[in-house]
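Report on one structure; see the data block that follows.
Derivation of every value follows stated rules applied to the coordinates shown; laboratory data play no part. Since the structure is predicted, the reported quantities are computational estimates derived from the model, not experimental observations. Counting neighbours? That spans all protein chains shown, and the Cβs are built from the backbone with ideal geometry, glycine included.
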Amino acid sequence: MTNPQSAAVSDNPLLGAWTAPFGVPPLEGIAPAHFRPAFELAMAEHGVEIAAIAAQAVEPDFENTVAALERSGRTLARVSNVFYVLAGAHTNPDIQAIERDMSPLLARHWNDIHLNDALFARLDALHRRVAGLGLTAEQARVLERYHSLFRRAGAGLDAAAKQRLKEIAERLASLGTHFGQNVLADEQSYTLPLDGEADLAGLPEFARAAARGAAAERGLADTHVVTLGRSSVEPFLQFSGRRDLREKVFRAWIARGDHSGATDNNPVIAEMTALRDERARLLGYPSFAHYKLDDTMAKTPDAVTGLLDAVWAPARRRVGQERDALQEMVAAEGGNFALAAWDWRFYAEKLRKARYDLDESEIKPYLPLDHIIEAAFYTANRLFGLAFTLRADVPVYHPDVRVWEVTGPDGRHVGVFFGDYFARASKRSGAWMTTLREQEKLDGEVRPLVLNVMNFNKGEAGEPTLLSFDDARTLFHEFGHGLHGLLSDVTYPLISGTGVLQDFVELPSQLYEHWLDRPEVLQRFARHYQTGAPMPEALMDRLLKSRTFNQGYTTTEYLGSSYVDLDFHLGGAKDAHAVEAETRERMRMPEEVVMRHRPPHFQHIFSGDGYAAGYYSYLWSEVLDADAFNAFVEAGDVFDPGVARRLRDNVYAAGGARDSAEAYKAFRGRMPTVDALLKRRGLTEDAA
């Protein structure tokens, strides 16, 4: 008689051989029911592998301990990668239920590994005599990162502390999942109907088309709706002539996760901050911020605060000037009201048009999605010799997903790139890069499967998707992350691709944005979707001259979120509303500017702890990227082969194989200052 569980495992596409081109998982044949048994088997298998490593009677060496750790858990990695791609990009209630159940179990699984005394003893013995092991530089780095990972998880502490750390980690995993699902639930449940021409006043055709598409996706024919996705809300706030509706949708947007009832994230935040603080103190740090930043380039909260303060002063000065200019425009139009947060984008768009003769409706026809994808690929070809070939024979998890094979200058296979560009109700908001498989060559060459996920409004049937310049910048940003994964050239999985220090990971993405601004790229790819005519030089000139417009606002809303992130993590349980209010008051943040991410929907820092006490890292990386691009400017060619080769070798291909500061200095020869960033954002005195 066949064991039903064995049959379920044998029929599970997650656990069988992946025979699709390039070893891509059979995404079209995977159902939610496949995940629980796959996770259970994979964790059990990984547990057996870890036990065998820890129980070895022979002396530890790099091969039998560190390399063995790198080889372990491969089934779990495969299952987890597929699951979390779907949980973010194409979820449903069944997947969400599995995510809620599995998050604490996975946390427990990893805790049991990182707090395994025998395993840490082997790592610690190797770490203490690393100088005499004859390791390569990459091997020494992998050993150092493993030792740090285990130590920061609590290895070496007494039994009581370890037990409490396990309990905290499991609870935090559940809370992070709960937080993200609350935000998604609020986004999915809200629509603002636009009934008739009066409600559509001021909206250009592309915004109306997006609102029609959002209605159609929700089964509402012959109408328009605004959703709480950023790609829906921001154009409405930018163009809608209905101040009352702008206020209504804006208030709903900033209240995600901030409602009493089932989706209220305020108690989640209070519990998470208390648990994070307790965890840090058990590990010997004065606060979670001190704990988290100890493993970054910044190292300390004081260093982060110093960077934020250096940018805050000029940004606050500039945003005050911008606010006054917008208020003057309100008065000039006869408006008898004080500028409010829901007015900012509307009047900023008017002021941009007045100052630069720029209209979003004039720009978007020259930025069809397919052209911008081609521009990103072209830039990668000029810099790194990469070529992209569209493939229709690779499994995908949604019909909108596109797939390209990536090859290098020698024609050899580099990896596979998935592009998932359009907003839908089953996808969380935002934009991100992730992987189905990371590059490594521990036991032969393994090439990466890299995804970019975005939320652009899809064009109507038969019409292309037209992007704003900010949308195009987002595409370039995420593709920069994608290249970090695709170009990775290391041996060990732990340090592959984006496996770098947290405040270095945004450098490759933010640096890549610079090429979108270049006439060498825009002149070739910014072409009208109907006529093919290039963007007129006068329009391109006005567009590029407007790059620093409204930078006081965008910098201030970002810095507000960075400060509040740090404030949440400098000790103790935190009431979300109180911390937000205290931070705003201390920084004298203008009332008209709302933080880019208010705490109840700040997924960067509360849907897991990836960016907790680390939202500053975008600014830290911008200091690096502004200086890094100047290497090409100084060379006189934004595609200079020598500079591009140094960039590839020391940043994009190097993964975490060396200290981040050393990697940057190997590329640039020195560390940067904040000056290039302030100039780029137009925040210097002479740019006022």
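Some notes on this structure:
- Using the Stokes-Einstein relation with a Kirkwood hydrodynamic radius computed over Cα pairs, the translational diffusion coefficient of the stretch 305-449 at 10 °C and a viscosity of 1.306 mPa s comes to 79 µm²/s.
- Square roots of 5 times each gyration tensor eigenvalue, C-alpha, the stretch 153-227, largest first, Å: 49, 11, 9
- When Rg and the Kirkwood radius Rh are both evaluated on Cα atoms of the stretch 4-156, their ratio Rg/Rh stands at 1.03.
- Radius ratio Rg over Rh of the stretch 325-407, counting only Cα atoms, Kirkwood formula for Rh: 1.26
- Between 0 and 90 degrees, the angle of helix 617-635 with respect to the longest Cα principal axis of the chain falls at about 80 degrees.
- Fully extending the segment from Arg281 to Ala118, taken as 0.36 nm per residue of separation minus the present Cα-Cα distance, adds 56.3 nm.
- Centre-to-centre separation between the Cα atoms of the stretch 570-649 and those of the stretch 462-538: 18 Å.
- What the phi angles of the stretch 126-143 give under the Karplus curve with 6.51, -1.76 and 1.60, with θ = phi - 60°, is a coupling list of 5, 5, 5, 10, 4, 4, x, 8, x, 7, 5, 4, 5, 5, 4, 5, 5, 4 Hz, glycine and proline written as x.
- Long pairs among Lys166/Lys292; Lys292/Lys665; Lys162/Lys441; Lys299/Lys441; Lys248/Lys679, criterion Cα-Cα beyond 26 Å: Lys162/Lys441; Lys299/Lys441; Lys248/Lys679
- Loop trypsin sites (Lys or Arg not before Pro), the stretch 427-493, which have at most 16 other Cβ atoms in a 10 Å radius of their Cβ (DSSP): Lys441
- The gain in end-to-end length when the Arg670 to Asp244 segment is fully stretched comes to 148.1 nm, 0.36 nm per residue minus the alpha carbon separation.
- Label positions at Ala573 and Val58, each projected 7 Å from the Cα along the C-beta direction, are separated by 5.2 nm.
- Residues of the stretch 597-621 with amide N under 20 Å of a point placed 7 Å along Cα→Cβ from Ala303: 610-621
- √(5λ) per eigenvalue of the Cα gyration tensor, the chain, largest first, Å: 40, 28, 28
- Label-point gap, in nm, between Thr684 and Asp195 - each point 7 angstrom along Cα→Cβ: 5.5
- In order along the stretch 157-172, phi translates into HN-Hα couplings of 7, 6, 4, 5, 5, 4, 4, 5, 4, 4, 4, 5, 4, 5, 5, 5 Hz, rounded to whole numbers, per the Karplus curve 6.51 cos²θ - 1.76 cosθ + 1.60 with θ = phi - 60° and x for Gly and Pro.
- Loop-located GluC sites (Glu not before Pro) in the stretch 569-634, at most 16 other Cβ atoms within 10 Å (DSSP): Glu591
- When each of the peptides 216-226, 515-525 is scored by the mean number of other C-beta atoms lying within 10 Å of its residues, the order from highest to lowest reads 515-525, 216-226.
- 3J(HN,Hα) along the stretch 322-335: 5, 4, 4, 5, 5, 5, 4, 5, 4, 5, 4, 8, x, x Hz, from the Karplus curve 6.51 cos²θ - 1.76 cosθ + 1.60 with θ = phi - 60°, whole Hz, x for Gly and Pro.
- 0 to 90° range, to nearest 10: angle between helix 93-114 axis and the chain longest Cα axis: 50
- Burial order of peptide ranges 243-255, 14-26, 167-179, 331-343 (average beta-carbon count within 10 Å, highest first): 167-179, 243-255, 14-26, 331-343
- Each part gets one Cα centre, and for the stretch 158-222 versus the stretch 344-389 those centres are 26 Å apart.
- All C-alpha to C-alpha distances of the stretch 533-688, sorted into 5 Å bins beginning at zero, yield P(r) values of 2, 8, 13, 15, 15, 15, 14, 11, 6, 2, 1, 0 percent in whole numbers.
- An ellipsoid equivalent to the stretch 193-254, defined through the eigenvalues of its Cα gyration tensor, has semi-axes of 16, 13, 10 Å when rounded to whole angstrom and sorted largest first.
- Evaluated at q = 0.11, 0.14, 0.20 Å⁻¹: base-10 log I(q)/I(0), Debye formula over Cα of the stretch 357-541: -0.50, -0.80, -1.49
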